[in-house]
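Working notes, beginning with the structure itself.
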Amino acid sequence: MIDFVPTQEQRMLVDTVRQFVRDEIVPLEHELGPDAGELAEADETRLTAKVQQMGLYAWDAPEEVGGPGLDVVTRTLLAIEMSQHRAGLYAPCYGVFGGAGLAQLYDASEELKERYLYPTLRGKLKGFFALTEPSGGSDPARAVRTKAVREGDHWTLNGTKMWISGVLGADYGIVVARTGSGRDGLTSFVVDSDTPGLTVRRVIPTLRKVALPTELSFDDVRVPDTQRLGGIGQGFALAAKRLEQQRVPYAAGCLGVAVVAHRLAVEYAKIRETFGKPLAEQQGIQWMLVDSELDIRTSRLLLLDAAAKVDRGEPARDAIALAKLAVTEAAARVVDRSMQIHGGMGVAVELPLERWYRELRIRRIGEGPNEVQRLIVARELLGDAARAGKAAE
Ligand SMILES: Cc1cc2nc3c(=O)[nH]c(=O)nc-3n(C[C@H](O)[C@H](O)[C@H](O)COP(=O)(O)OP(=O)(O)OC[C@H]3O[C@@H](n4cnc5c(N)ncnc54)[C@H](O)[C@@H]3O)c2cc1C
């Protein structure tokens with residue numbers, strides 16, 4: 001990866017998406033509210049058709065399910081571009097590139113794929129992913145208490161999920177429930193949003209104003225066995241796989257906003273004067289900019305390293321964990337420095353920096369908190385010595 005040079009095709013795709021963001025998305029944002037997460041319907045329809053013509057609709061899906069079948073390195077490069085606008089962290093290009101999101105559905109039966117995956121890829125259905133519960137999200141193998149009990153050809157689900165994003169307006173959710181003990185005691189189900197007994201108990205306002213998380217209640221929710229996703233007891237493995245796959249684009253989005261925040265800081269430093277000269281000539285500012293450059297370049301290398309390992313089929317768990325934790329933290333530093341360089345303007349709502357600053361804070365908690373990523377890397381480094389009571393054995 002040290003000598004990574006994009007192929008001609010990758011360069012062309014990156015240029016296409018970069019131009020699309022600059023020509024189509026950024027101008028629309030001048031008209032939208034500072035926390036917008038959706039385009040007007042007419043704009044969404046027009047831009048979706050444009051992306052379809054570009055052959056990039058469902059951009060992150062494999063060819064066999066109708067996507068362009070791009071490798072993970074290329075998808076990482078595109079995710080970095082797609083997020084380079086105000087809503088880029090949680091609504092990259094306002095969803096007009098379509099895509100899977102819920103990659104676990106790739107492991108579904110053909111019947112479930114027909115019913116949920118393909119319509120989702122075509123933008124006809126929306127889903128949510130419900131793993132976390134009030135008892136905790138860092139360690140779901142122990143924390144999941146929502147129970148699924150089998151009764152003939154049906155399962156009955158009872159329990160509570162918490163912090164679940166994208167429920168409002170979703171047609172279905174992938175729900176992880178307990179069917180046994182320990183890590184092998186979790187099973188996933190695809191549950192229609194209108195199933196009797198499934199209710200949104202409350203919306204939880206956070207510093208992210210789009211896709212507000214919710215608390216969900218399951219009261220005797222009956223789900224046919226045909227809605228089971230994967231084998232009984234495979235829910236944890238499927239969730240871990242989905243989260244792992246998701247972490248590279250998740251981190252790539254953070255790098256995208258860091259790149260724009262840094263660009264804004266560099267430009268501002270050239271034009272803003274204090275003490276009789278531009279900020280660009282003040283060493284304190286130069287050092288901040290260099291630190292941001294360093295954060296951006298190291299983030300890019302770590303991301304591409306993780307993506308390339310996935311593409312080569314090598315074990316990538318620790319590389320993905322390192323990339324997720326390094327990039328989410330580096331991007332927050334870059335945005336913070338850019339705000340500082342902008343002075344008062346840095347916190348003004350008319351610039352996107354304050355939104356990125358708020359939303360990036362969630363990135364250290366979502367998709368596996370950074371402490372858990374450190375735990376993954378520590379276990380890789382130390383093996384059994386990282387587990388209490390194991391070192392002396
Ligand atoms: C805005 C938002 C959207 C979300 N969307 C979804 C969603 O759509 N679906 C879903 O399933 N979940 C979602 N989550 C939940 C998210 O994944 C969890 O918040 C996360 O996994 C942490 O779980 P927790 O909040 O219960 O913290 P806890 O598990 O209680 O952990 C508390 C803190 O302790 C740290 N910690 C835990 N163990 C250790 C350790 N061994 N060493 C050091 N530190 C440790 C954690 O990193 C965390 O910082 C969302 C959360 C937020 C905030």
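The values are calculated or read from the model by the stated rules, or taken from the named source; none is laboratory data. This one's a predicted model, so the numbers in the text were calculated from it and none came from an experiment. We place every Cβ from the backbone using ideal geometry, glycine too, and count neighbours over all the protein chains shown. We work out accessible area using only protein heavy atoms, side chains counted, and drop any ligands, DNA or RNA first. Shrake-Rupley method; radii C 1.70, N 1.55, O 1.52, S 1.80 Å.
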How many of the residues in the range 312-343 are at pLDDT below 95 and more than 24 Å from residue 382 (Cα to Cα)?
1
Do we have residue 301 as in a helix (DSSP H, G or I), open to solvent by 80 Å² or more (accessible area, probe 1.4 Å), touching a residue at least 12 places away in the same chain (Cβ under 8 Å) and at negative phi here?
yes
Take residue 149 and decide whether it is open to solvent by 70 Å² or more (accessible area, probe 1.4 Å) and either closer than 30 Å to residue 93 by Cα or away from the ligand (no atom under 12 Å from the Cβ) (or both).
yes
Do we find a residue being in contact (Cβ under 8 Å) with a residue 24 or more places away in the chain, more than 11 Å from the ligand (Cβ to nearest atom) and not assigned by TED's automatic domain parsing to the domain that holds residue 359 anywhere in the range 201-208?
yes
Tell me yes or no: at least one residue of the range 78-89 is closer than 28 Å to residue 227 by Cα, open to solvent by less than 10 Å² (accessible area, probe 1.4 Å) and either outside the structural domain of residue 188 (by TED's automatic domain parsing) or among the small types (Gly, Ala, Ser) (or both).
no
Qualifying residue in the range 152-162 (condition: away from the ligand (no atom under 14 Å from the Cβ), of a type in the set (Lys, Arg) and in contact with a strand residue (DSSP E or B) (Cβ under 6 Å, 6 or more places away or on another chain)):
no
Does residue 95 count as within 16 Å of the ligand (Cβ to nearest atom) and out of contact with any Asp or Glu (no Cβ under 9 Å at 6 or more places or on another chain)?
no
Taking into account only those residues within the range 220-236 that are of a type in the set (Val, Ile, Thr) and not in a helix (DSSP H, G or I), which is farthest from the ligand (Cβ to nearest atom)?
232
